[in-house]
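J.: There's a structure below that I have some questions on.
Where a number appears in this text, it was derived from the coordinates with a stated rule and is not lab data. Predicted model only: the values in this text are computed from it and were never measured. As a convention, Cβ positions derive from the backbone with ideal geometry for all residues, glycine included, and neighbour counts pool all protein chains shown.
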């Protein structure tokens, strides 16, 4: 669930060294794989891999529902996957062609089954949480040493936000993640589909609206890293990227990621095969390649997101497997919540509320 | 026969590339959303013949249009787009007319070069040019750094993510579309007319006002339409340069289509946008025709 407007139009097409008639077209999130893996796949299978990237679930879903996308493998997030399965956009996987599927992790499979019953249509690629990215030094300077950097109160309590406004706060421009967080903060069910409950989120945002610099889902990576902003509600791996960039730049900025102690949202990006995929066989080969423990470990070691592959865990570097921001401990894990997709009427209420929160109309 | 063919070809072109797509959009705007591929219903089943067609037509309704009327978001977005498009058109005209005018006053051998300079920006992708404005207008951008360095300002100006940035982006992007038709009109202007006006006692300013402006009116009108029409439905510029408070119908349309996944309502928004554009165009054409008739 990554969002990079900058790379919205970036298209990466790899031309195989081996001239081959067979090709597989993969459509994945931007900055979401170790590119060496793409070359490796082509060398191992001799299949030409055409790898395109997108930056929002909405764009992917529109392509899926319009039909005829031409892709063999796509990577929607769980809630979107569920809706697209009901629309008939995907085909069931043939597990005979996926011998590596045994590597999958039951903890993740149990949770993804709520989007894809029986995990019949998809395999997990990566998963993560939506939490708080904080410039530790600046926030402690403004709020004191006991600043609630692991609590939603940091961004939803006007008393805190009033002080943080001067150093810059970004929230995700993603209503399906921000509204559940606000509901969680006031003790309502974050997965509520009741318009009356959802409406309660409005007051939470309006109280802190004047102190929010921007609603954006990608600029916070740079913003946090170079110290332009000090707090962002963001996706785990993205905040960790910001942390590493700041460390590389050695600019005195220390970034930390924390899931909210009230409970953070957990999401799953799933690989699936469109119903009209031109090369179903090649798509399975790609999925099986991704399910390989070593390949999946390479991907996670590169992008700093947790994956749904149990066997890969032994091959992960300590920076990834040992970081509770990526692989949360059991207490945090039990505290995470998941959401289910809104139906069209409720989706309209949510989008409308979000427009109102952002623009005041 | 020859004449008939000549007229016929552009009409086929219009029908295939404008009328048919528009009718498809109208049809979707009268449908209901559905969780399917494509995400709306009813679908026209030609196999069932006449009965199928009647059933299909019976399922269409104007529900989406009544919905648009009920929520003030939509008319506010239309109004705000109209305001932004109008102001940017006026700004573009104020900047573009003097440019076109001075180009026609320039020495003959310079004109091709000047014309080339107007067209040159098109050699770079539109998207990249808008992105580069983000680098110029940003908090740490070139403009602020220059002004700070010159001690004109002591704190960086906030231009990015405001309506000002949207105006700058639109005026910059569409300026060539306005300069070129005005230049073409002014280029044809007979200098003897201006001399005659001065001989008959007009001041230079009055001659400009009474002769040059009316004779370049066609270019002005054409240029203004070329700016106004795309600016009204503009999506890229407000979403990259504007903030969340910049409400434009292009963004609302995007949200209907992508966030709400409601193709029928998105189509209804688009149909109304087209009607808003078509009415002034038809009025303008009628006016032109009347003028021609009264002159003839």
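J.: Angle check, please: helix A:280-291 long axis (alpha carbons) against the longest principal axis of chain A (alpha carbons), in degrees 0 to 90, nearest 10.
T.: Relative to chain A, helix A:280-291 is tipped by roughly 60 degrees.
J.: Stretched out fully, how many nm does the piece from residue A:203 to residue A:248 gain, at 0.36 nm a residue minus the Cα gap?
T.: 12.2 nm
J.: Among B:4, A:286, which comes first, second and so on when ranked by fewest other beta-carbon atoms within 10 Å?
T.: B:4, A:286
J.: What ranking do A:126, A:107 get, fewest neighbouring Cβ atoms within 10 angstrom at the top?
T.: Sorted ascending by nearby Cβ count, the order is A:107, A:126.
J.: Can you tell me the FRET efficiency between residue B:148 and residue B:2 if r is taken as the Cβ-Cβ distance and R0 is 51 Å, rounded to the nearest 0.05?
T.: 0.15
J.: What's the average, rounded to a whole number, of partner chain beta-carbon atoms within 10 Å of each residue's beta-carbon in B:26-37?
T.: Across the residues of B:26-37, the mean count of other-chain Cβ atoms within 10 Å is 3.
J.: Would you please state which residues of the range B:206-240 a label at residue B:189 would reach in this model, taking the label point 7 Å out along Cα→Cβ and a backbone N cut-off of under 17 Å?
T.: Answer for this model: B:206-224.
J.: Moving on. By how many nm would the segment from residue B:275 to residue B:15 grow when fully extended, if each residue of separation counts as 0.36 nm and the alpha-carbon distance is taken off?
T.: Residue separation times 0.36 nm, minus the Cα-Cα distance, leaves 91.9 nm.
J.: Under the Kirkwood approximation for Rh and a Cα-based Rg, what ratio Rg/Rh is obtained for the range A:84-153? If you can, show how the numbers build up before the last one.
T.: Details: Rg = 20.0 Å, Rh = 15.8 Å.
Over the Cα atoms of the range A:84-153, Rg/Rh equals 1.27.
J.: Tell me whether the protein assembly as shown comes out rounded, prolate or oblate; compute the Cα gyration tensor, take square roots of the eigenvalues as a ≥ b ≥ c, and use a/c under 1.5 as the rounded threshold.
T.: It is prolate, given that a/c is not under 1.5 and a/b is the larger ratio.
J.: Let me confirm one metric for peptide A:76-84, namely the mean number of other chain beta-carbon atoms within 10 Å of its residues' beta-carbons.
T.: For this peptide, the per-residue mean of nearby foreign Cβ atoms is 1.
J.: Return the distance in nm (one decimal) between the two label points of a simple spin-label model at residue A:317 and residue A:66, each offset 7 Å from Cα along Cα→Cβ.
T.: Result: 3.9 nm between the two label points.
J.: Inside 10 Å of the C-beta atoms of A:355-361, what's the mean count of C-beta atoms belonging to other chains? Write down the numbers at each step before the final one.
T.: Values: counts 9, 1, 1, 4, 10, 3, 8.
Per-residue shielding by partner chains comes out at 5.
J.: Something else about it: For the residues B:151, A:284, what sequence is obtained by ranking on other C-beta atoms within 10 Å, fewest first? Kindly include the intermediate steps, with their values, before the conclusion.
T.: On the way: B:151 7, A:284 21.
Fewest-to-most Cβ neighbours within 10 Å comes out as B:151, A:284.
J.: Please state the relative contact order of chain B as a whole percent: Cα pairs under 8 Å, 6+ residues apart?
T.: Relative CO of chain B lands at 27 percent.
J.: Among A:180-187, B:47-54, B:143-150, how do they line up from the highest to the lowest mean number of other beta-carbon atoms within 10 Å?
T.: Highest-to-lowest ranking by the protection proxy: A:180-187, B:143-150, B:47-54.
J.: Measure nothing fancy, just the Cα-based angle from helix A:236-249's long axis to the longest principal axis of chain A, in degrees from 0 to 90, nearest 10.
T.: Relative to chain A, helix A:236-249 is tipped by roughly 80 degrees.
J.: Using only the alpha carbons of chain A, determine the length spanned along each of the three principal axes and report them from longest to shortest in whole angstroms.
T.: Largest first, chain A extends 61, 48, 38 Å along its Cα principal axes.
J.: In degrees between 0 and 90, to the nearest 10, how far off the longest principal axis of chain B does helix B:49-58 point, with axes built from Cα atoms?
T.: With both axes taken from Cα atoms, the answer is about 70 degrees.
J.: May I pose another question? For every helix of n ≥ 4 consecutive DSSP H residues, a contribution of -39,500 (n - 2.57) applies; sum these over chain A, divide by its total residues, and give [θ] at 222 nm rounded to the nearest 500 deg cm²/dmol.
T.: -12000 deg cm²/dmol
J.: Still on this model: Sort B:207-213, B:225-231 by the packing proxy (mean of other Cβ within 10 Å over each peptide's residues), most packed first.
T.: B:225-231, B:207-213
J.: Who wins for biggest fluctuation among A:190, A:76, A:210 in a Gaussian network model of chain A, springs between alpha carbons below 10 Å?
T.: Largest GNM mean-square fluctuation: A:210.
J.: Using only the alpha carbons, work out the radius of gyration and Dmax of the range B:67-295 in angstrom.
T.: Rg and Dmax of the range B:67-295, Cα atoms, are 21.0, 67 Å.
J.: Using a simple spin-label model with points 7 Å from Cα along the Cα→Cβ vector, what separation in nm is obtained for residue B:76 and residue B:125?
T.: 3.5 nm
J.: Now a separate question. Ranked highest first by the average count of other Cβ atoms within 10 Å around their residues, in what order do A:162-170, B:152-160 fall?
T.: Descending packing order for the listed peptides: A:162-170, B:152-160.
J.: Work out how much length residue A:302 to residue A:145 would gain on full extension: take 0.36 nm times their residue separation and subtract the Cα-Cα distance, in nm to one decimal.
T.: Gain on stretching residue A:302 to residue A:145: 53.2 nm.
J.: Further question on the same structure: If you project the alpha carbons of the range B:1-136 onto their three principal axes, what span does each projection cover, largest first, in Å?
T.: Rounded to whole Å, the extents work out to 71, 52, 25 Å.
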